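Below is one structure, written out as structure tokens; the observations come after it.
The values are calculated or read from the model by the stated rules, or taken from the named source; none is laboratory data. Keep in mind the model is a prediction, meaning the values are calculated, not measured. Cβ atoms come from the backbone with ideal geometry, glycine included; neighbour counts cover every protein chain shown. For accessibility, only protein heavy atoms count, side chains too; no ligands or nucleic acids. Shrake-Rupley method; radii C 1.70, N 1.55, O 1.52, S 1.80 Å.
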Amino acid sequence: MSTDGIRTWVDMWMLRLSNIPELLGNLRQNMHSRSGGMHNTEYESSLAGQTALVTGANAGIGLDLSAALARRGAHVIMACRSEERGQAAVATVRRHLQMNGRVKRQELKATQPAAYSTADVSSCHTPAQSANEHHCSDDKPAAVEPSTSTQRQSTERAICGSKGMGTGTVEFRQLDLSNLASVRDFGERWSRECPLPHLLFCNAGIMAPPKRGETVDGLESQFQVNYLSHWLLARTLTEPPPRELKAPSWRNPFSRRGAAQPHEREQGTRVVLLSSCMHQGGRLDFSDLQARRRYDALQKYADSKLAMIMAAQELQDCFVRRGSCSTAVAVDPGVLDTALARGFFRQHVPGVLWPVTDRLLTWLLLPPAAATDTLLWAATAPAQQVAGRFVKRGRVAMPSPRAADCSKSAMLWAESCRLTGLPDERA
């Protein structure tokens, strides 16, 4: 075996074993919390008057985060591909916020798709799959059916009570991350008609589908959905066109009579990009970035999460060069109890053992709510503390040394510009 072959083999096994320390840390945290450990309440600050955009908001981390943001008074745009699932998630958040409570874990599980992908992706299909066999959760029946009145009121905003935290609002907006045209249309419409969001959470993603999938743009599905579309969305929303705003069709609930606010705000936009502990195994092989020659599902997932950390660093450099007050930060939310994680572990365990492993995972995986405090801290901490940095378990941490590879970061930025047609400010 050649030296490169040995290195690839070692990297492959290191990647597959990289979750073990995280799982052991989760077990320790779960045992502490179930023995009377206190819930972290450090980030109970008010977000009244702020607008937050969350991708993949209809399940898992995105759903719990959307509820947490609204409880703190923010106006939350819950962006996902399926209107049916999106409206069901909005109804869930509204109902539980009106009861002054956190979204119940039982209902969160009921809204989770029984697949390894999050609920905010569209048809990322392999050549062997038909149009009705996508491994993406939005294509499966919704577990929670919204009422007829909820479906009719697609743009209705409801006031959500939150004890001691003020009031917030939530609404659904459609966004297909597997289609770059959809991302461009979403970002450009927002830039024309709406103020800059205060907070942008790039959360949606898919994890290690066994067969290589391609988006409608001909790109590997994990690379586009997890990274490239979020990179495009962040650039589009933080680089509004220099023209006068039209009267917004998406009314700002915090402005007087819904009038448009100026694009330039002192605080800018805080862009929060979700990475993973799996970024440690990311390599970003630019000779086969779309995995057309060789597809390793877990490797491409790790690559996409490494790309998110590089994106946070490069976006921050871009903001500084332009004199913008916007900031970018990458976050590892942890290994959480979502359909994404459970589906991934089920891929590697015989079906007859699923009842056993599912029970074990209850102890080894943290609930999505455990990531909310870290995400809120990353979104609200002083810019000088988190700008361009990597956050894990509620504090700034050091990512993989590969994330500091300036030459690869520059290559990734240039390739992202080429694939999306945006100008390369570094050139």
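Might you work out the accessible area of F286 for me, using a 1.4 Å probe with all protein chains in place, and round it to the nearest 10 Å²?
60 Å²
Beta carbons within 10 angstrom, averaged per residue: use that to sort the peptides 226-234, 320-328, highest first.
Output ranking for 226-234, 320-328: 226-234, 320-328.
Find how much the distance from R192 to S287 grows on full extension, using 0.36 nm per residue of separation minus their present alpha carbon separation; answer in nm with one decimal.
My answer for the length gained is 30.5 nm.
With a 10 Å radius around each residue's Cβ, average the other Cβ atoms per peptide and rank 416-422, 378-384, highest first.
Highest mean packing first, the order is 378-384, 416-422.
Expressed in nm to one decimal, what extension gain is obtained for the pair V356 and D217 from 0.36 nm per residue of sequence separation less their Cα-Cα distance? Don't jump to the answer; show the numbers that get you there.
Numbers: separation 139, 0.36 × 139 = 50.04 nm, distance 4.01 nm.
That pair, V356 and D217, stretches by 46.0 nm at full extension.
In nm, to one decimal, how far is the modelled label at M398 from the one at A383, with both set 7 Å along Cα→Cβ?
Each label point lies 7 Å from its Cα, and together they span 2.8 nm.
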